[in-house]
Amino acid sequence: MFESLQPISYAVVSIFFFISSITTLLRIYARGYLVRSFGLDDWCMFFILFFNAGQQIILYYFLHYGAGLHLTTVFTTHPEWLTNLTYALFAEEIYYIWMHWVIKMAFLLFYLRFATTRTFRCLVYGTMGLNTIFSIITWLLYVLQCMPLDAIFHPAAHPKAKCVDRAVLAFAPTGFSAFIDIAILILPIQPLWQIQVSVRKRLTLIGILSLGSLVVLVSMLRIIVLVQFEKNIDLTYTLGKLIIISSIEIDLAIIAANAPSLKIYWSKYISRPNTPTRKDQYESITLSTMEGKKVLSQASSCHISSSNKSGARSNMISPEIMAEEADIGIAISHERMLGELTRGSQEALWNSEDGIIVTSSVGVVVQDKPRQEAGDLEANYYVFDKE
């Protein structure tokens, strides 16, 4: 056993805060400037950048006033620190639930980007409601845990105070949080599997979102530490363990929430082929932006060819290449998609209900016939065939 957990606590808290902050900044840049698809989920993570800084201040405050040291050491050298830690614990309880609420809402708002069915949207909104209700219940538990509230900080002055059992305060909020985490983990599997991209890329995105399972695992480990904390087993030393596990839990949740947006960098700078097709671009951007109703379901093309009298063709773009180039499907916004498709085909039609674009594929064939007098020109000199 370490004589002091403070060096490890400072290192873990600082490293994980740095990594989560970098991923948040990368997300903001990618969604705001690279693909220009900044949504409500991104705003949540933008504010988390500042909220998490506040969380770090509280954790450093704990460590400054003896968290991670053995209780006997603190009680012998600085007994007044115990009161400071009690006030900080109450503030952390309120703030910690707020952090979790915002991060979970960021996850769920991201899911609405690819919510193409009413059932899935209802499930997402229902989970949002549960997340909010559980958070409010937890806040009420914390604020009303003792009557009067001052009994939390000065128990000796209120011998007849009525307080909620500490086990309820510890494990009820953890159970609520774990339930929402599991729901967030399970919700997107089916709709993501139905996205119109390759199986490999569907599995990739599901794998990215599955990073949230690490948060569930850390939450379970946090329960073990909470059991020790509630039994007052070397209170300040156990608080050091709780700081480590709580910091990892929060920052892993932030990293997992940012992970889908970081796919933009992978597709743009690392795994991009030498000559990417529009289909590659479509799948890559769709995996990172996920605008549900804007996902392109079908697009065809227009090819123009010229034939001489022997039937040989020149200056021809093959239907396969044109179809690939027309498969733009940039799922960012209604207006941007219309603009891209209009340049490829003037006959593009947009159905706002199911997000399907239907275009006609028209082949124009110009036949080179022997020179004739004006009166002898045949009616089918110019043949327009609709394929």
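The values are calculated or read from the model by the stated rules, or taken from the named source; none is laboratory data. Computed from a predicted structure; not experimentally measured. In this analysis, Cβ positions are derived from the backbone assuming ideal geometry, glycine residues included, and neighbour counts consider all displayed protein chains.
Looking only at the stretch 194-228, filter to residues that are of a type in the set (Lys, Arg) and farther than 23 Å from Val102 by Cβ; which one of those is surrounded by the fewest Cβ atoms within 10 Å (Cβ to Cβ)? Quick ask: steps written out before the conclusion?
We begin by selecting, within the stretch 194-228, every residue of a type in the set (Lys, Arg); these are 200-202, 222.
From the residues that got through so far, the ones that are farther than 23 Å from Val102 by Cβ too are 200-202.
Values: Arg200: 8, Lys201: 18, Arg202: 17.
Residue satisfying both the conditions and the ranking: Arg200.
Which ranges mark the helices (runs of 4 or more DSSP H) fully within the stretch 89-208 that have 1 or more residues being modelled with pLDDT of 85 or more?
Per the criteria, 118-143, 166-186.
Out of the residues in the stretch 3-30 that are polar (S, T, N, Q) and under 17 Å from Asp41 (Cα atoms), which is surrounded by the fewest Cβ atoms within 10 Å (Cβ to Cβ)?
Pass one, the stretch 3-30, residues polar (S, T, N, Q): 4, 6, 9, 14, 20-21, 23-24.
Checking which are under 17 Å from Asp41 (Cα atoms) leaves us with 20-21, 23-24.
Details: Ser20: 24, Ser21: 17, Thr23: 20, Thr24: 22.
Filtering first and then ranking leaves Ser21.
I'm trying to understand the selection: among the residues of the stretch 46-88, which are touching a residue at least 24 places away in the same chain (Cβ under 8 Å), part of a loop (DSSP other than H, G, I, E, B) and over 34 Å from the mean Cα position of the chain (by Cα)?
Those that are touching a residue at least 24 places away in the same chain (Cβ under 8 Å), part of a loop (DSSP other than H, G, I, E, B) and over 34 Å from the mean Cα position of the chain (by Cα): Gly66, Leu69, His70.
Kindly indicate the residue of the stretch 127-146 that is in contact (Cβ under 8 Å) with a residue 40 or more places away in the chain and within 19 Å of the chain's Cα centre (by Cα) and also farthest from Met105 (Cα to Cα) among those meeting that condition.
Leu130
Look through Ile152, Ile182 and report the one residue that is in the same structural domain as Leu40 (by TED's automatic domain parsing), within 24 Å of Asn258 (Cβ to Cβ) and of a type in the set (A, V, I, L, M).
Ile182
Quick check on Ser9: is it farther than 30 Å from Leu112 by Cβ and of a type in the set (S, T, N, Q)?
yes
Note down all Cβ pairs under 8 Å where the first residue falls in the stretch 168-193 and is farther than 13 Å from Trp101 by Cα, the second is of a type in the set (D, E, K, R) and assigned to a helix (DSSP H, G or I), and they're at least six residues apart or on different chains.
Leu169/Glu93; Ala170/Glu230; Leu192/Arg202; Trp193/Arg202
Evaluate the following for Ile208: is it in contact with a Pro (Cβ under 6 Å, 6 or more places away or on another chain) and either in contact (Cβ under 8 Å) with a residue 24 or more places away in the chain or aromatic (Phe, Trp, Tyr) (or both)?
So Ile208 fits the description; yes.
Please give the number of the condition Trp98 fails out of (1) crowded, with 17+ Cβ neighbours inside 10 Å; (2) in contact with a Ser or Thr (Cβ under 8 Å, 6 or more places away or on another chain).
Single failed check for Trp98: (1).
Which members of the stretch 223-267 meet the condition of being among the charged types (D, E, K, R) and in contact with a helix residue (DSSP H, G or I) (Cβ under 7 Å, 6 or more places away or on another chain)?
As a first pass, look at the stretch 223-267 and keep what is among the charged types (D, E, K, R): 230-231, 234, 241, 249, 251, 263.
Correct list: Glu230, Asp234, Lys241, Glu249, Asp251, Lys263.
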